[in-house]
Amino acid sequence: MKTLMLGNEAVARGLYEAGCSFVSSYPGTPSTEITECVAKYDEVYAEWAPNEKVALEAAFGASVRGKRSFCAMKHVGLNVAADPLFTISYTGVNAGLIIGVADDAGMHSSQNEQDSRHYAQAAKIPMLEPSDSAEALAFAKLAYGLSEKFDTAVLIKMCTRVSHSQSVVETAERVVPEQRKYEKNPAKYIMMPAYAKKKHPVVEERTRALAAWAEKTEINRIEQGQDTSVGIITSSTCYQYVKEAFGDTYPVLKLGMIWPMPETKIKDFAASVDRLVVVEELDSFIETHCRNLGLAVTGKELFTEIGELSQNVVKEKLGGSVQTGALLGEEIPARPPVMCAGCPHRSLFYVLKKLNLTVLGDIGCYTLGAVAPLNAIDTTVCMGASVSGLHGFIKAGDEESAGRTVAVIGDSTFIHSGVTGLINIAYNESNSTVIILDNSITGMTGHQQNPTTGYNLKGDPCTKIDLESLCHAVGIRRVRVVDPYDMEACQSAIQEELSVKEPSVIISRRPCALLKYVKHAGPICSDPEKCKGCKACMNIGCPAISMVDGKAVIDETLCVGCGVCEQLCKFGALGAEGGR
Amino acid sequence: METKNIMIVGVGGQGTLLASKLLGRLLLTKGFDVKVSEVHGMSQRGGSVVTYVRYGDRVCSPIIDKGQADCILSFELLEAARYTEYIKPGGRMIVNSQQINPMPVIAGAAAYPENLVQKLSSLDVKVDAFDALSLAEEAGSSKAVNLVLMGRLAKHFDFTDEEWMDAIEHSVPPKFLEMNKKAFEAGRSA
């Protein structure tokens, strides 16, 4: 049956059809829906792991035990999973193991623009790169065959435009291979020096065998063109841009497997055209490989390493002309993302700003606390870096700065890799104050469950990790809970914890305002008679409040009645009854 | 046929994704090759959002580039103004005249441009601006703006009632089906 599927959904369908039986992932845009979609198939066991390293190791365990397994992550998640990745390269697999990784060129929702293709080369693991949903489905199935034939994990590299575009796929029935037997095999699965030394040559030989396979496979295909003055090597979404820009004008070598590359095929293709051009997003990867083969090639001198390409960019850079539409000739104000109305993070950040604290931030919706008018965050690097960074910051500073510095981290991010930083704080005794923003869900990626919510990926009730007990257990004696909507209580709790001479954790607890089970009070009313136009309520950056003719006005379609603005108004102009 | 391009733009949370899914589904049942491109993640938090719907004999790129849109369906007035560069000369804009202030305007750092409908009409673009929010509210919910706009867009397709209704039934929860159908009709007959 023909149907429209997101690239991520198509990967999930491919996994299902290929008999994948175990999935463990950590959510991250743009990879999240692969795991959400595969979890809808009852035949597939699927879970959210605390982080990507755990997810990959769990998937590896399932593979060793004999079931086809999978894990997904965003590009930066692969950094977290890099440790098992490099050694799983040596062990190989039992049943097939696929790792899905989604890059985010253009940084639609990421902290950097790293190019995951380097991991395939560095870890010596083959990487497939689909260019639309049909290929995403097909490559997922193909990858299991490759994985088992060559005794290797296989990376499937997605990107925002492939992950989050729907295109047409044809589905088939699920076929589950018989579970493979687990047999004890120290030389294969124990990577201590004596065994690993014997394994390394096997890995190199496997890469050579895969390169030979790359020469023959149909997923690395040459599409003939009428004009051989230019020949283009490309892959992923860039292939679609090239076809959109030039149709069948120029010959194209379309790489479905990006590592290892088919050297003879590339050389033959180069010999058949006057000028060899590589169209790829982010780093020079295919291009560098071509240069290593001694080929004259044009790539990054035309196509930037920064951000996304498009059909217009491809066309223009290769001498075509494009016509753009009319500009309005008017300054259009930007519309950056903002914390939602009623977001429990907002008031907490307001208090941090009011106290003029240095705030080490982390990854999640709450990173928006960095933007105007709150401007309440000093650093954001990667998952967990707020907590571990705070420890170093405090140790390198004096007593006074310890009393003015905190870390903020979400519940899911804390479990992902904040807790290890907290252990360091307790163990090496820094006078740190960590604030866990517990909104009872993984928010940024679209409401995924995590170990602190009490529900698993399938939506069933499960063990709920108690954050207070966890913090106590790692050695933090001072742990307290506050309601972020109560700004006075937040302020006194933060001031008190900053003043004591030992590590402490404040859990700012209130569920995300967008969660369906959260009941809201009615919208706040504003009283124009009482409003003096002082704009105190504007300092929290709530999208539901604006000034009209010098008076605060509440947008009733947005306001959920959290009452934070009410606490800021000295004139009683805002309230449940307002001045009405 | 040449690939046709419809851009759906608006503010994160307005329901643009549902509109693009509904349209994509319908176009597929009509036998077209279809690509629909969405943006998830941080930009959904009240930011400017864009989805692309492309259909034809063979659609390659999932995105619509500048100068390529046959039609822009805008859920908000300022967002219509933001993307004029994407529209083909003589293309069409269907615009909800509702104004949602972005944070720089709320914070007083920028002004919401005035007379935008008039300014849009001065371009080489067919502009159809109307108050979709009121029609949605009359139909039962401000959240049905997306179906009101879908109804307005439907005027430019020769698909049957049955085909539209089928696509709507497959895209909205049963609980809200009647209300959404009403909103669709309101948009189409307005």
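Scanning the stretch B:1-39 for residues that are facing another protein chain (nearest Cβ under 10 Å) and of a type in the set (Asp, Glu), which turns out farthest from residue B:142 (Cα to Cα)?
Among those residues, the one meeting the criterion is B:33.
Among helices (runs of 4 or more DSSP H) lying entirely in the stretch A:171-265, which contain 3 or more residues that are within 30 Å of the chain's Cα centre (by Cα) and under 30 Å from residue B:57 (Cβ atoms)?
Values: elements: A:186-189, A:193-216, A:236-246.
Qualifying helices (runs of 4 or more DSSP H): A:236-246.
Looking at (1) within 7 Å of chain A (Cβ to nearest Cβ); (2) farther than 22 Å from residue B:5 by Cα; (3) buried (at least 21 other Cβ atoms within 10 Å of the Cβ), find the lone condition where residue B:135 falls short.
Every listed condition holds for residue B:135 apart from (1).
Quick test for you: out of A:247, A:299, pick the one residue that is among the small types (Gly, Ala, Ser) and within 21 Å of residue A:135 (Cα to Cα). Outline the logic, then answer.
Numbers: A:299 fails: within 21 Å of residue A:135 (Cα to Cα).
Only one candidate qualifies: A:247.
Would you please name the residue that is farthest from the chain's Cα centre (by Cα), looking only at residues in the stretch B:171-190 that are within 17 Å of residue B:15 (Cα to Cα) and assigned to a loop (DSSP other than H, G, I, E, B)?
Looking at the filtered set, the residue picked out is B:173.
Test residue A:412 against the criterion of being modelled with pLDDT of 95 or more and not hydrophobic (A, V, I, L, M, F, W, C), and give yes or no.
Values: modelled with pLDDT of 95 or more: yes; not hydrophobic (A, V, I, L, M, F, W, C): yes.
Spelling it out, residue A:412 is indeed modelled with pLDDT of 95 or more and not hydrophobic (A, V, I, L, M, F, W, C).
Every residue in the stretch A:298-352 that is more than 10 Å from every other protein chain (Cβ to nearest Cβ), touching a residue at least 60 places away in the same chain (Cβ under 8 Å) and over 28 Å from the mean Cα position of the chain (by Cα), please.
Across the stretch A:298-352, the qualifying residues are A:318, A:320, A:351.
Within the stretch A:511-526, can you find the residues that are among the charged types (D, E, K, R) and under 24 Å from the mean Cα position of the chain (by Cα)?
Looking only at the stretch A:511-526, we keep the residues that are among the charged types (D, E, K, R), and these are A:516, A:519.
Once the filter is applied, which keeps residues that are among the charged types (D, E, K, R) and under 24 Å from the mean Cα position of the chain (by Cα), the stretch A:511-526 yields only A:516.
Scan the stretch A:383-400 and give yes if some residue there is surrounded by fewer than 22 Cβ atoms within 10 Å (Cβ to Cβ), among the aromatic types (Phe, Trp, Tyr) and over 24 Å from the mean Cα position of the chain (by Cα), otherwise no.
Within the stretch A:383-400 (the criterion being surrounded by fewer than 22 Cβ atoms within 10 Å (Cβ to Cβ), among the aromatic types (Phe, Trp, Tyr) and over 24 Å from the mean Cα position of the chain (by Cα)), the answer is yes, since at least one residue qualifies.
Report whether or not residue B:124 is free of Cβ contacts under 8 Å to residues at least 12 places away in the same chain and acidic (Asp, Glu).
Values: free of Cβ contacts under 8 Å to residues at least 12 places away in the same chain: no; acidic (Asp, Glu): yes.
Answer is no for this residue.
Could you grab me the full set of residues in the stretch B:128-151 that are of a type in the set (Asp, Glu) and assigned to a helix (DSSP H, G or I)?
First, the residues of the stretch B:128-151 that are of a type in the set (Asp, Glu): B:128, B:131, B:137-138.
Of everything in the stretch B:128-151, those that are of a type in the set (Asp, Glu) and assigned to a helix (DSSP H, G or I) turn out to be B:137, B:138.
For the subset of the stretch A:490-532 comprising residues that are surrounded by 14 or more Cβ atoms within 10 Å (Cβ to Cβ) and small (Gly, Ala, Ser), which member is farthest from residue A:467 (Cα to Cα)?
In this case the residue turns out to be A:526.
Could you list, in sequence order, the residues of the stretch A:506-539 that are out of contact with any Gly (no Cβ under 7 Å at 6 or more places or on another chain) and of a type in the set (A, V, I, L, M)?
Residues of the stretch A:506-539 out of contact with any Gly (no Cβ under 7 Å at 6 or more places or on another chain): A:506-511, A:514-519, A:528, A:531-532, A:534-539.
Of everything in the stretch A:506-539, those that are out of contact with any Gly (no Cβ under 7 Å at 6 or more places or on another chain) and of a type in the set (A, V, I, L, M) turn out to be A:506, A:507, A:514, A:515, A:518, A:536, A:538.
Quick test of your reading of the structure: residue B:101 fulfils all but one of (1) away from chain A (no Cβ under 11 Å); (2) in contact with a Ser or Thr (Cβ under 7 Å, 6 or more places away or on another chain). Name the failing condition by number.
With (1) away from chain A (no Cβ under 11 Å); (2) in contact with a Ser or Thr (Cβ under 7 Å, 6 or more places away or on another chain) applied to residue B:101, the lone miss is (1).
Look through B:87, B:106, B:100, B:168 and report the one residue that is modelled with pLDDT under 95, under 16 Å from the mean Cα position of the chain (by Cα) and among the β-branched types (Val, Ile, Thr).
Numbers: B:87 fails: modelled with pLDDT under 95; B:106 fails: under 16 Å from the mean Cα position of the chain (by Cα); B:168 fails: modelled with pLDDT under 95.
It is B:100.
So is residue A:134 more than 22 Å from the chain's Cα centre (by Cα) and either without any contact (Cβ under 8 Å) to a residue 40 or more places away in the chain or not in a loop (DSSP other than H, G, I, E, B) (or both) or not? Quick ask: steps written out before the conclusion?
Values: more than 22 Å from the chain's Cα centre (by Cα): yes; either without any contact (Cβ under 8 Å) to a residue 40 or more places away in the chain or not in a loop (DSSP other than H, G, I, E, B) (or both): yes.
Here the answer is yes, as residue A:134 does meet what is asked.
Name every residue in the stretch B:52-97 that is surrounded by fewer than 24 Cβ atoms within 10 Å (Cβ to Cβ), more than 7 Å from chain A (Cβ to nearest Cβ) and closer than 30 Å to residue A:542 by Cβ, in order of residue number.
B:77, B:83, B:97
Go through the stretch A:416-431 and give me each residue that's of a type in the set (Val, Ile, Thr) and surrounded by 24 or more Cβ atoms within 10 Å (Cβ to Cβ). Working first, answer last.
Quick first cut of the stretch A:416-431, residues of a type in the set (Val, Ile, Thr) only: A:419-420, A:423, A:425.
Once the filter is applied, which keeps residues that are of a type in the set (Val, Ile, Thr) and surrounded by 24 or more Cβ atoms within 10 Å (Cβ to Cβ), the stretch A:416-431 yields only A:425.
Looking at this structure, is residue A:148 of a type outside the set (Gly, Ala, Ser), surrounded by fewer than 24 Cβ atoms within 10 Å (Cβ to Cβ) and more than 32 Å from the chain's Cα centre (by Cα)?
Working: of a type outside the set (Gly, Ala, Ser): yes; surrounded by fewer than 24 Cβ atoms within 10 Å (Cβ to Cβ): yes; more than 32 Å from the chain's Cα centre (by Cα): no.
Judged against the criteria, residue A:148 is not a match.
Can you tell me how many residues within the stretch B:117-128 are facing chain A (nearest Cβ under 8 Å) and either surrounded by fewer than 16 Cβ atoms within 10 Å (Cβ to Cβ) or among the aliphatic types (A, V, I, L, M) (or both)? Reasoning before the result, please.
Step one: list which residues in the stretch B:117-128 are facing chain A (nearest Cβ under 8 Å), which gives B:119-120, B:123-125.
Of the ones still in play, those that are also either surrounded by fewer than 16 Cβ atoms within 10 Å (Cβ to Cβ) or among the aliphatic types (A, V, I, L, M) (or both) are B:120, B:123-125.
Residues in the stretch B:117-128 being facing chain A (nearest Cβ under 8 Å) and either surrounded by fewer than 16 Cβ atoms within 10 Å (Cβ to Cβ) or among the aliphatic types (A, V, I, L, M) (or both): 4 in total.
Would you check if residue A:74 is surrounded by fewer than 24 Cβ atoms within 10 Å (Cβ to Cβ), at pLDDT 95 or above and of a type outside the set (A, V, I, L, M, F, W, C)? Before you say what the answer is, go through the steps one by one.
Values: surrounded by fewer than 24 Cβ atoms within 10 Å (Cβ to Cβ): no; at pLDDT 95 or above: yes; of a type outside the set (A, V, I, L, M, F, W, C): yes.
Considered against the rule, which asks whether it is surrounded by fewer than 24 Cβ atoms within 10 Å (Cβ to Cβ), at pLDDT 95 or above and of a type outside the set (A, V, I, L, M, F, W, C), residue A:74 comes out as no.
Looking for whichever is farther than 30 Å from residue B:59 by Cα, more than 14 Å from chain B (Cβ to nearest Cβ) and touching a residue at least 24 places away in the same chain (Cβ under 8 Å) here; the options are A:18, A:82. Which one fits?
Values: A:18 fails: farther than 30 Å from residue B:59 by Cα.
That would be A:82, the only listed residue that is farther than 30 Å from residue B:59 by Cα, more than 14 Å from chain B (Cβ to nearest Cβ) and touching a residue at least 24 places away in the same chain (Cβ under 8 Å).
A quick yes/no check of all residues on (1) in contact with a His (Cβ under 6 Å, 6 or more places away or on another chain); (2) outside the structural domain of residue A:42 (by TED's automatic domain parsing); (3) not in a strand (DSSP E or B):
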{"site": "A:383", "(1), (2), (3)": "yes, yes, yes"}
{"site": "A:395", "(1), (2), (3)": "no, yes, yes"}
{"site": "A:412", "(1), (2), (3)": "no, yes, yes"}
{"site": "A:422", "(1), (2), (3)": "no, yes, yes"}
{"site": "A:431", "(1), (2), (3)": "no, yes, yes"}
{"site": "A:436", "(1), (2), (3)": "no, yes, no"}
{"site": "A:446", "(1), (2), (3)": "no, yes, yes"}
{"site": "A:459", "(1), (2), (3)": "no, yes, yes"}
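I'd like to know if the stretch A:91-114 contains one or more residues that are in a helix (DSSP H, G or I), surrounded by fewer than 20 Cβ atoms within 10 Å (Cβ to Cβ) and on the phi < 0 side of the Ramachandran plot. Let's see the steps before the verdict.
In the first step, residues of the stretch A:91-114 are kept if they are in a helix (DSSP H, G or I); the result is A:91.
Of the ones still in play, those that are also surrounded by fewer than 20 Cβ atoms within 10 Å (Cβ to Cβ) are none.
Checked against the condition, which is being in a helix (DSSP H, G or I), surrounded by fewer than 20 Cβ atoms within 10 Å (Cβ to Cβ) and on the phi < 0 side of the Ramachandran plot, the stretch A:91-114 yields no hits at all.
Any idea how many residues of the stretch A:166-201 are in contact (Cβ under 8 Å) with a residue 40 or more places away in the chain, within 17 Å of residue A:92 (Cβ to Cβ) and hydrophobic (A, V, I, L, M, F, W, C)?
Total satisfying the criteria: 2.
Within the bounds of the stretch B:11-33, is there any residue that is modelled with pLDDT of 95 or more, at negative phi and of a type in the set (Lys, Arg)?
Among the residues of the stretch B:11-33, not one is modelled with pLDDT of 95 or more, at negative phi and of a type in the set (Lys, Arg), which makes the answer no.
Can you confirm whether residue A:434 is buried (at least 22 other Cβ atoms within 10 Å of the Cβ) and not aromatic (Phe, Trp, Tyr)?
On the way: buried (at least 22 other Cβ atoms within 10 Å of the Cβ): yes; not aromatic (Phe, Trp, Tyr): yes.
Against the criterion (buried (at least 22 other Cβ atoms within 10 Å of the Cβ) and not aromatic (Phe, Trp, Tyr)), residue A:434 qualifies.
Counting just the residues of the stretch A:533-560 that are of a type in the set (Gly, Ala, Ser) and more than 32 Å from the chain's Cα centre (by Cα), which one comes out surrounded by the fewest Cβ atoms within 10 Å (Cβ to Cβ)?
Pass one, the stretch A:533-560, residues of a type in the set (Gly, Ala, Ser): A:533, A:536, A:541, A:544, A:546, A:550, A:552.
Still in the running and more than 32 Å from the chain's Cα centre (by Cα): A:533, A:536, A:546, A:550, A:552.
On the way: A:533: 13, A:536: 17, A:546: 20, A:550: 10, A:552: 26.
Filtering the stretch A:533-560 for residues that are of a type in the set (Gly, Ala, Ser) and more than 32 Å from the chain's Cα centre (by Cα), the one surrounded by the fewest Cβ atoms within 10 Å (Cβ to Cβ) comes out as A:550.
Check the stretch A:31-45 and report whether any residue there is at pLDDT 95 or above, among the small types (Gly, Ala, Ser) and under 25 Å from residue A:131 (Cβ atoms). Step through it out loud before you land on a result.
Here is the first cut: in the stretch A:31-45, the ones at pLDDT 95 or above are A:31-45.
If we keep only those that are among the small types (Gly, Ala, Ser) too, we end up with A:31, A:39.
Still in the running and under 25 Å from residue A:131 (Cβ atoms): A:31.
Yes: one or more hits.
The values are calculated or read from the model by the stated rules, or taken from the named source; none is laboratory data. All values reported here derive from a predicted model rather than from experimental measurement. Neighbour counts run over all protein chains shown; Cβ positions are idealised from the backbone, glycine included.
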